[in-house]
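Asker: Okay, here's the structure, questions in a sec.
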Amino acid sequence: MPIMPLAARGISTSRLILGCMPFGGSWDRAPITPEQVRKAEQALDAALSIGISMFDHADIYTMGKSETIFGSILKRRPGLREQIVIQSKCGIRFGAGAIPTRFDFSKAHMLAAVDGILDRLAIDYLDILLLHRPDPLMEPDEVAEAFGMLKDSGKVRHFGVSNMSPGQIRFLQRALSNQLIVNQLEMSLEHLDWVDQGIHVNQKAGATVNFAEGLMEYAQMETMQLQAWGPLAQGRFSGRALSDQPANIQQTAALVGQMATTKETTPEAIVLGWLMRHPALIQPVIGTMNAERIVACRDAERQALAMTREEWYTLYVSARGKNMP
Ligand SMILES: NC(=O)c1ccc[n+]([C@@H]2O[C@H](COP(=O)([O-])OP(=O)(O)OC[C@H]3O[C@@H](n4cnc5c(N)ncnc54)[C@H](OP(=O)(O)O)[C@@H]3O)[C@@H](O)[C@H]2O)c1
């Protein structure tokens, strides 16, 4: 059986990741409430109960509150930190308000950002640090210096990127002594550009596809773990009210529901299983805080293994809302 790129790099963890972006509630500097901590702990426990052992953060999520809440839970649970893989991101800065206004891969910013992350999460090291969004002013040698310092000090074990094209990754990688092992992008049954890009080569329809050419193949050739943010498409195929949604979404949600009933599983498992069926062995980063919905994702990997080519294409063509070229 093929193994996940992260496993090939010696990181043993779950296929599913819990995205911790909503742990801190609103994106402001309001104080953290006991209710927010309680809900986050419920979500964490639901994730652990179905074998999720990897957690995704970013320094900017709810302006640091999500990491602070996660850290407060870790402090009360000795031993948990060593059982899980913690990933966070840096490289985006806020301006005056809660809107990110600058991308920043300067050495000074990255070093300070990682210190802040470790402090809020109350941990000594990050398993994986991702660069959140490509900084046009990125200087690979400067990033290499920062990564080298973070690695040598033991603060970060592995590095990766998010929302980057193969060209940007290659540009950065040639300066680094540490291998970039992750790329995290938006991919789902709703956000289909990651599949459309490959099938519309040499087609006018390809002009509107919004995904870097060759990215899926590049990741597989480089043993780079692809992670999908937004994998549940905010619940569009698994129970969210759809009256405002286009016909292809409504029709696909109905198909997902029928498939879930036939296979005696949940719509969440079908939606995630569809994504995980791809040979790149994508890791979905689920963003629900609802404990029941987290548990409803339990069967996703099994559904991926059981999903036939015919079923996969049926869902893809329905969600595309147009025929294959
Ligand atoms: N790298 C990047 O640039 C980037 C960008 C965005 C996010 N991320 C990461 O990816 C994670 C997931 O992203 P996401 O939140 O967009 O993903 P998602 O898993 O597709 O969506 C989760 C959202 O959908 C809602 N939802 C799910 N099922 C629902 C249903 N049946 N009915 C109503 N609402 C439903 C959830 O609400 P409930 O909580 O109520 O279930 C939650 O607000 C984030 O936490 C973060 O870690 C990364």
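Laboratory data are not the source of any read-out in this text; all were calculated from the coordinates shown. Just so we're clear, the structure is a prediction, and the values are computed from it rather than from any experiment. Note that we place each Cβ from the backbone using ideal geometry, even for glycine, and neighbour counts take in every protein chain shown.
Asker: With an 8 Å cut-off on Cα pairs and a minimum separation of 6 or more residues, tell me the relative contact order of the range 100-182 in percent.
Answerer: 33 percent
Asker: In deg cm²/dmol, rounded to 500, what helix-only [θ] at 222 nm does the chain give when every DSSP H run of at least 4 residues adds -39500 (n - 2.57) and the total is split over its residues?
Answerer: Taking each H run of at least 4 residues, the total per residue is -12000 deg cm²/dmol.
Asker: Return P(r) of the chain (all Cα-Cα pairs; 10 Å bins starting at 0; whole %; ordered from short to long distances).
Answerer: 6, 26, 34, 25, 9, 0
Asker: Would you mind checking the radius of gyration and Dmax of the range 228-314 based on alpha-carbon positions, in Å?
Answerer: 12.1, 34
Asker: Using the 10 angstrom Cβ neighbour count as an exposure proxy, how do Ser12, Ser165, Ser177, Ser238 rank, fewest first?
Answerer: Listing Ser12, Ser165, Ser177, Ser238 from fewest to most nearby Cβ atoms yields Ser177, Ser12, Ser165, Ser238.
Asker: Suppose each label sits 7 Å from its Cα in the direction of the beta carbon; what would the Met1-Arg174 distance come out to in nanometres?
Answerer: Inter-label distance under the simple model: 3.9 nm.
Asker: Additional query: PRE reach from Met149 (point 7 Å along Cα→Cβ): which of the range 88-121 fall under 17 Å by backbone N?
Answerer: Label zone hits: 90-92, 104-119.
Asker: Need the full-extension length gain, Gln42 to Asn202, defined as separation in residues times 0.36 nm minus the C-alpha distance. One decimal, nm. Don't jump to the answer; show the numbers that get you there.
Answerer: Working: separation 160, 0.36 × 160 = 57.60 nm, distance 4.85 nm.
Between Gln42 and Asn202, full extension yields 52.7 nm more.
Asker: Expressed as a rounded percentage, what relative contact order does the chain have, with Cα pairs under 8 Å and six or more residues apart?
Answerer: With pairs under 8 Å counted, the relative contact order is 17 percent.
Asker: Collect residues whose amide H, placed 1.01 Å from N in the peptide plane, falls under 5 Å from the amide H of Phe159; neighbours closer than 5 in sequence don't count.
Answerer: Residues meeting the criterion, in which the H sits 1.01 Å from N, are Leu129, Ile181.
Asker: Between Ser188, Ser26, Ser162, where does the largest GNM mean-square fluctuation fall for the chain, given springs only between Cα atoms within less than 10 Å?
Answerer: Taking springs between Cα atoms under 10 Å, the residue moving most is Ser26.
Asker: Would you mind telling me the antiparallel percentage of the DSSP bridges in the chain, rounded to 5?
Answerer: Bridges in the chain are about 10 percent antiparallel.
Asker: With a 10 Å Cβ neighbour count serving as the proxy for reagent exposure, in which order, fewest first, do Tyr313, Tyr218 appear?
Answerer: Taking fewest neighbouring Cβ atoms as first place, the list is Tyr313, Tyr218.
Asker: Could you tell me which of rounded, prolate or oblate describes the range 1-101, using a ≥ b ≥ c as the square roots of the eigenvalues of the alpha-carbon gyration tensor, with rounded for a/c under 1.5 and, failing that, prolate when a/b is larger than b/c and oblate otherwise?
Answerer: Details: a/c = 2.48, a/b = 1.44, b/c = 1.72.
Oblate, since a/c reaches 1.5 and b/c is not below a/b.
Asker: Roughly how many nanometres apart are two label points built 7 Å out from the Cα toward the Cβ at Leu305 and Ala112?
Answerer: 4.8 nm
Asker: Modelled label-to-label distance, Ala30 and Ser49, 7 Å Cα→beta-carbon offset: nm?
Answerer: Between Ala30 and Ser49, the label points sit 2.7 nm apart.
Asker: If contacts are Cα pairs under 8 angstrom and at least 6 residues apart, what is the relative contact order of the range 1-126 in percent?
Answerer: Result for the range 1-126 is 25 percent.
Asker: If you average the C-alpha positions of the range 230-306 and of the range 1-76 separately, how far apart do those two centres end up, in angstrom?
Answerer: Value for the Cα centre distance between the two parts: 20 Å.
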